[in-house]
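A.B. asks: Here's a structure for you.
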Amino acid sequence: MKLAALEALSVVASNKALNALLQKDMGTVVGFALKETPIDATLVETIDLGPFKHTVDKGAPIRKAAFSLLQNLTEAFRSAPTEVIAAATAGIADTSEDVQLLCLVYLNKLLEICPMMVLAQLETVVGQFNALFTKMTTDLKKDTQTERQLNLLRGILRVSEALQKNPEAAQNPTFSDWFSRNIIENVDVPAIRE
């Protein structure tokens with residue numbers, strides 16, 4: 001039911017003829033979507049398959065729909081509350097690669113629409129990037145990467161390069177150190193871009 005509601009609201013938000021219907025209730029709609037962005041432990045179940053266990057996250061499609069709605073609202077109304085940027089940043093650490101990739105694309109959009117609000121949370125963004133980039137490059141060196149993991153790395157590269165073009169982000173010591181160490185000096189980056 002939540003998934004259908006989020007997807008329907010997302011369609012309304014992305015339709016220029018209809019998005020005005022959401023304008024007066026935007027706070028409520030954003031609140032509803034934000035409530036669905038964290039991982040809901042009740043929707044994660046572990047299936048015992050004999051010698052190993054498999055984790056199924058039934059909440060991933062709901063989180064993905066919530067982030068899609070937030071992205072459509074941001075694009076339609078050209079603004080985003082601070083809580084939305086915090087949720088998109090936290091989404092980088094999600095357990096679902098689809099949600100992570102969507103959050104990286106969303107962060108890129110947020111940098112176009114409201115860059116100063118993203119820069120206000122730059123330390124958190126760099127922390128999330130560092131954790132994900134380290135994990136993914138370790139997998140790359142072991143030759144265990146998948147196309148999705150490469151897409152995540154490419155998403156981080158796109159957002160990092162967009163941040164690097166912003167003078168305030170480029171002057172941030174935490175970001176500039178991370179960018180130099182992980183992007184400029186990393187010999188694997190050209191292979192990731194391909």
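Quick note: the coordinates plus some simple rules give every number you see, no bench work behind them. Fair warning: this is a prediction, and the values are worked out from it, not measured in the lab. Quick reminder, even Gly has a Cβ in these numbers, built from the backbone with ideal geometry, and neighbours come from all protein chains shown.
A.B. asks: When the convex hull of the Cα atoms of the range 80-194 is projected onto a plane and the area is averaged over all directions, what value comes out in nm²?
C.D. replies: Convex hull of Cα atoms, orientation-averaged projection: 6.5 nm².
A.B. asks: Around LEU110, under 14 Å between beta carbons, what's the net of Lys plus Arg minus Asp minus Glu among the other residues?
C.D. replies: 0
A.B. asks: Just add up the charged neighbours of LYS16: K/R +1, D/E -1, any other residue whose Cβ is under 14 Å from the Cβ of LYS16.
C.D. replies: Numbers: positive: ARG78; negative: GLU75.
Overall, the nearby charge balance is 0.
A.B. asks: Follow-up. Just to confirm my numbers, what's the Cα centroid distance between the range 130-181 and the range 4-23 in Å?
C.D. replies: 33 Å
A.B. asks: Is the C-alpha gyration tensor of the range 133-182 telling us rounded, prolate or oblate? Criteria: a/c under 1.5 is rounded; beyond that, a/b larger than b/c is prolate, otherwise oblate.
C.D. replies: Because a/c hits 1.5 or more and a/b fails to exceed b/c, the range 133-182 counts as oblate.
A.B. asks: Mean Kyte-Doolittle of at least -1.0 and a Cα length of 20 Å or more along the axis: which whole DSSP H helices of the chain meet both?
C.D. replies: 60-77, 97-113, 122-141, 147-165
A.B. asks: Specify which labelled value, from (i) 9, 36, 36, 16, 3, 0; (ii) 9, 33, 33, 20, 5, 0; (iii) 9, 38, 40, 12, 1, agrees with P(r) over Cα pairs in 10 Å bins from 0, in percent derived from the coordinates of the model shown.
C.D. replies: Correct label is (ii).
A.B. asks: Moving on to the next point. Projected onto the charge dipole of the range 13-92 (+1 at Lys/Arg Cβ, -1 at Asp/Glu Cβ, origin at the Cα centre), which of ALA87, ALA66, ASN19 gives the Cα projection farthest towards the positive end?
C.D. replies: Checked the options; the winner is ASN19.
A.B. asks: Which lysines, on any chain, are close to LYS35 with Cα under 20 Å apart, when same-chain ones fewer than 8 places away are left out?
C.D. replies: Straight-distance partners of LYS35: LYS2, LYS24, LYS58, LYS64.
A.B. asks: At 7 Å along Cα-to-Cβ for each site, give me the label-to-label distance between LYS142 and LEU21 in nm.
C.D. replies: Output for this residue pair reads 4.8 nm.
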